[in-house]
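One structure follows; several queries about it will come next.
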Amino acid sequence: MNRYMIHLNSKRCIGCHGCEVHCKTNKRLPVGPILCEIDHEPLKPVKGVPKTEFSFRSCYHCDDPFCVPVCPTQAMVKREDGIVYVDQEKCIGCMACAGACPWTIPQLNPATGKAIKCDYCMDRLDQGLKPACVTKCTTHALKFVRLEVV
Amino acid sequence: MKKSVYSMCGMCTVRCPIRVEVEDNRVTWIEGNPHLLDHALCAKGSAGMALVDDDERPRQPLIREGGRGAGRWQKVSWPTAYDYITERLKKIKSEYGPESVVLSSRGGPWQNMYKTFIHAFGSPNYTNHDCTCGRNTHHASLSINGVGRKGFIYDIKNSRHMVLFGRNYFASLQIAQGNQLLDMLDKGGRLTYVDVRQTMTGIKATRFFQVRPGTDYALALGMIHEIIKRGIYDKEFIDRYVSGFDELCTFIEEYTPAWAAKECGVKEKAILAFIDEVAEDMPKVIFHPGWNLSRYKDSFYVSRALHLLNVLMGNIEVEGGLIIPKGAGDCGFKGIRMLDCPKPDIKRGDGVGWKYKHFDKGPGLAHLFFDAMRTEDPYPIKAWIAMRHDPFTGMPEPQRQKLLFDNCDLLVSIDTHYSEFGWYADVILPESTYLERDNPIALQKGTKPRLIVRRKAVDPKYDTKPGWEIFKQLADRLDISEYFPYNTIEDLYAWQLEGTGYSIEDFEEKGFIELTDKPLPLYERDKLDGQFKTPSGKIEIISKKLTEAGLESLKPYRSPNKPPKGMFRLVYGRSAVHTHGHTMNNPLLEELMPENSLWINRRAAAKLGIEDGDLVDVTAQNASYSGTIHAYVTEFIHPEAVYTVHGFGRQIPLQTRSYHAGLSDQKLMAGKLDDWDKAGGAINLCEAFVFVQRSTRNPKRRVEL
């Protein structure tokens, strides 16, 4: 069961792509993989003002992920708190996970030759911090949400 | 070893406060200072890590071997480079006088160091980039309020209505102010945005005016007319502090909202509805007087009109309005020492102060030195030291600038990266990046004045030096070392803080020292006398200084020229992921935005057979430069204009990522190096027309063998 999600307040988002770079620099990624993405709809006039809605996408951390069972080396792991992550020690970079994922979320890190994906910065979470993209969001538009069963 | 360092960002000139984490001399994390920005940082700020790692920057001093711009460099040691420069500076000084040397910088809190250097050398010719930035706004404010552009801070958070004429807050980012604006909107405030195209800021607006390019002045005049007609102004404030109101009332009579609407191509009822809102929101309405407003031939008067709208609102020293920044004295603090040397009593080479008496003498106007280079009047200009300033990217027509700079015997670029000017210069002194260097302490005025400082987070990766050391070393060799009373940065900090009771260690807790716990109270509204430093001490609608210079204070409106057939007005701007010409080669920012595109109106594009994503050739009016980029076809730009992001089309081969990527707007501005505003001083950067056609490079068929 997933315990977390990242929520984007589109009203505050200014499409500055800060989150994408905050993520990349935290994970020391080279040019190539981008683990989270900001996008927006084409502009449409609303009461005379051209407007748009922004969306944020990283990994859905599926309840029943396709990428986990397909991994031949058990490098793709779903943690108890729902986070789906790549065990870098075990990954052989075959990218079967990317093929299995409906959204091709896992990407190849050319610096290591292994798969890389959003893991909600679990090293930071485990220290009581928030993911890099949320922590440094330019306008505090991203929120890290802990889900609770009601 | 792990450490945490408070510092100041250097990816753009906003210089946001940051906190940097370092492990074994490697930056692992940069975030906005949590005490001031709650960790927030923009894409550029995070990409600072890639700047340090980037090896496509000057890594040791370089002296030119081949012809200027040929790109053949001799790698030299620092002493060799310093000796080379000082030997030439001494020769130029003895042959032409010290005043023949100009130093330009990008302004900012440390400019006193550069000013001290050039003044101590004997030249009055310190200048900066502002003739292509905020000079019109600065001079407009001086002419009305007697204080410059920084004479007010905008209390955005508490305002009810922000009115932005092209001030694109969410692309030309200032993180603190941007968040204030969003907070204000979250609280139900209003944002009116005026531009020739829709922008990231405009999409957050509650009202949007897409105007014909160059008609901002008409819209502002129409607003003034209606505000005066309806009496929506602070009569008491105007009676007490303002002169020339009657003249304004007479002048504005003919500029009705109906006229403005027609001129700008907007709806009259939208202007009237806007004024209804202003009536509800005043005095907490801020008309932003412009940031980079060196655009149209009447930009100075646009800024004046916006300042006048603020005066009508009576929003000065009002919560949610324009606040007079408080300094060290307001906190009972004697202030810190800054490097200083009196300006030599020689008239400036750009004519500011004697030929042009209505301009601020501080940094003068960089573009007016070109005339002196050409004519040697009032005297020859023989050397130019560009401190982080890139005249070739900032000002129009680098092609022509090169011919003019060829009159100089010495061109020096001090910069962290290769600038276009640096590539043409005789010597490049590579400054360490902002993460690899210390900068002096500075005072930041505001409602809570504070001392700020940039501290080195990591040791320089290459053989680069901090600015304070470069100027000290040059000063020592030029026998002016008494103006630089330090050997190490610790000496300089101790000298700056002497007698204040503070030490540099006091910055370690939060990265700054607050001179007051609580925001300082506003000055009382009936005690503002002495705040407006005009000749009369009042807010002058009719400026004595302008009148004496033979210039109008209330300039009748003149409609902008329409682009000739087949041409468009070139309008430039910024994106949130790049800073002018500084960041195009940064690997992580280049990945986000490798080149610029050409915004073109859908109907205009259809007439030319241009579809979205097509390659288009954009050519200067005199065909001196042409570039090919992709078209972004949209209805949200005025049909007379095309728009692109500034800073691209760079021609430095060692910057492999940005080399010839995209299109350079300043190279398209044919004849615009001399097209400047005699009243405001700035260059008119949006007065160039360009040809646009669908490029023959769009593939029709493939021929491989």
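Using a 10 Å cut-off on Cβ atoms, rank the peptides B:303-312, B:590-599 from the highest mean neighbour count down.
B:303-312, B:590-599
Given B:269/B:678; A:11/B:44; A:27/B:461; A:27/B:456; B:284/B:326; A:143/B:187, which pairs have Cα atoms separated by over 28 Å?
Those over the limit are B:269/B:678.
Which whole-number percent is the relative contact order of chain B (Cα, under 8 Å, 6+ apart)?
19
Another one. Over all directions, how big on average is the projection of the convex hull of the alpha-carbon atoms in segment B:74-118, in square nanometres?
Hull-based average projected area comes out at 4.2 nm².
Output the relative contact order of chain A, whole-number percent, from Cα pairs under 8 angstrom with separation of 6+ residues.
32
Shifting gears a bit: Taking beta carbons within 10 Å but only from partner chains, what does the mean come to for residues A:22-29?
Neighbouring Cβ atoms belonging to other protein chains average 5 per residue here.
Under 5 Å between amide H atoms, partner at least 5 residues away or on a different chain: which partners does residue B:326 have, H built in plane at 1.01 Å?
B:446, B:447
Another question, then. Under the definition of Cα pairs under 8 Å and six or more residues apart, what whole-number percent is the relative contact order of segment B:105-234?
With pairs under 8 Å counted, the relative contact order is 15 percent.
Expressed as a fraction of 2.2 N^0.38 Å, the rule-of-thumb size for a compact globular protein of N residues, what is the C-alpha radius of gyration of chain B?
0.94
Can you list which of the trypsin sites (Lys or Arg not before Pro) found in segment B:623-705 are DSSP loop residues with at most 14 other C-beta atoms within 10 Å?
Listed in order of number, the matching sites are B:678, B:697, B:700, B:701, B:702.
In segment B:52-89, which GluC sites (Glu not before Pro) are in a loop and have at most 16 other Cβ atoms within 10 Å, using DSSP for the loop call?
Taking segment B:52-89 and a limit of 16 other Cβ atoms within 10 Å, the loop GluC sites (Glu not before Pro) found are B:65.
So, counting K/R as plus one and D/E as minus one, what does the shell of residues with Cβ under 13 Å around residue B:253 add up to?
Here the charged neighbours net out to -3.
What list do you get for B:102, B:642 if you sort them by fewest beta carbons within 10 Å?
Placing the least packed residue first, the sequence is B:102, B:642.
On to the next question. Hey, got the Cα dimensions of segment A:4-146 along the principal axes, in Å, largest first?
Principal-axis extents of segment A:4-146 (Cα, largest first): 55, 32, 30 Å.
With a ≥ b ≥ c taken as the square roots of the eigenvalues of the C-alpha gyration tensor of segment B:641-690, please select rounded if a/c is under 1.5 and otherwise prolate if a/b is larger than b/c or oblate if it is not?
Judged from the Cα gyration tensor, segment B:641-690 comes out prolate (a/c at least 1.5, a/b above b/c).
Also, I was wondering about something else. With the cut-off at 1.5 for a/c, could you classify segment B:349-478 from its C-alpha gyration tensor as rounded, prolate or oblate?
oblate
Here's another thing I want to ask about it. Can you list, largest first and rounded to whole Å, the semi-axes you get for segment B:410-496 by taking the square root of 5 times each eigenvalue of its Cα gyration tensor?
After scaling each eigenvalue by five and taking roots: 25, 18, 14 Å.
Could you state, as a whole-number percent, how many of the C-alpha pairs of segment A:95-150 are farther apart than 16 Å?
Here the tail beyond 16 Å accounts for 60 percent of pairs.
Something else now. Relative to 2.2 N^0.38 Å, what does the C-alpha radius of gyration of segment B:115-165 come to as a ratio? Two decimals please.
Taking N as the residue count of segment B:115-165, the ratio is 1.61.
Still on this structure, please answer the following. For B:27-39, what's the mean count of beta carbons from other chains sitting within 10 Å of each residue's beta carbon?
3
Here's a follow-up. Once the convex hull of the alpha carbons of segment B:148-208 is built, what does its volume come to per residue, in cubic angstrom?
It comes to 82 Å³ per residue, whole-number rounded.
Let me ask you something else. Apply the Karplus parameterisation 6.51 cos²θ - 1.76 cosθ + 1.60, with θ equal to phi minus 60°, to every residue of segment B:235-252 and state each ³J(HN,Hα) to the nearest whole Hz, in sequence, with x for glycine and proline.
Ordered by residue, 3J(HN,Hα) equals 4, 4, 4, 5, 4, 7, 10, 10, 10, x, 5, 5, 4, 5, 4, 5, 4, 7 Hz.
If a/c stays under 1.5 just call it rounded; otherwise compare a/b with b/c (prolate if a/b is bigger, oblate if not). Do that for segment B:473-614, with a ≥ b ≥ c from the square roots of the Cα gyration tensor eigenvalues.
Verdict is oblate for segment B:473-614.
For residue A:34, what is the net charge nearby, where nearby means another residue's Cβ is under 10 Å from its Cβ and Lys, Arg count +1, Asp, Glu -1?
-2
Within 11 Å, Cβ to Cβ, of residue B:289, how many net charges do the neighbouring residues add up to if Lys/Arg are +1 and Asp/Glu are -1?
Its environment carries a net charge of +3.
Right, another one. Divide the volume of the convex hull of the Cα atoms of the protein assembly as shown by its number of residues and quote the answer in cubic angstrom per residue.
It is 185 Å³ per residue.
Another question, then. Give the order of B:676, B:29, B:495, B:384 when sorted by the count of other beta carbons within 10 angstrom, beginning with the fewest.
B:495, B:29, B:676, B:384
Could you tell me the extents of segment B:567-694's C-alpha atoms along the three principal axes, largest first, rounded to whole Å?
Result for segment B:567-694: principal-axis Cα extents of 40, 36, 26 Å.
For a quick check of your reading of the filter: which trypsin sites (Lys or Arg not before Pro) in segment B:233-283 sit in a DSSP loop and have no more than 14 other Cβ atoms within 10 Å?
B:267
A short reminder: the numbers here are calculations on the coordinates, not readings from a lab. Just so we're clear, the structure is a prediction, and the values are computed from it rather than from any experiment. Cβ sites come from the backbone with ideal geometry, for glycine too, and all protein chains shown count toward neighbours.
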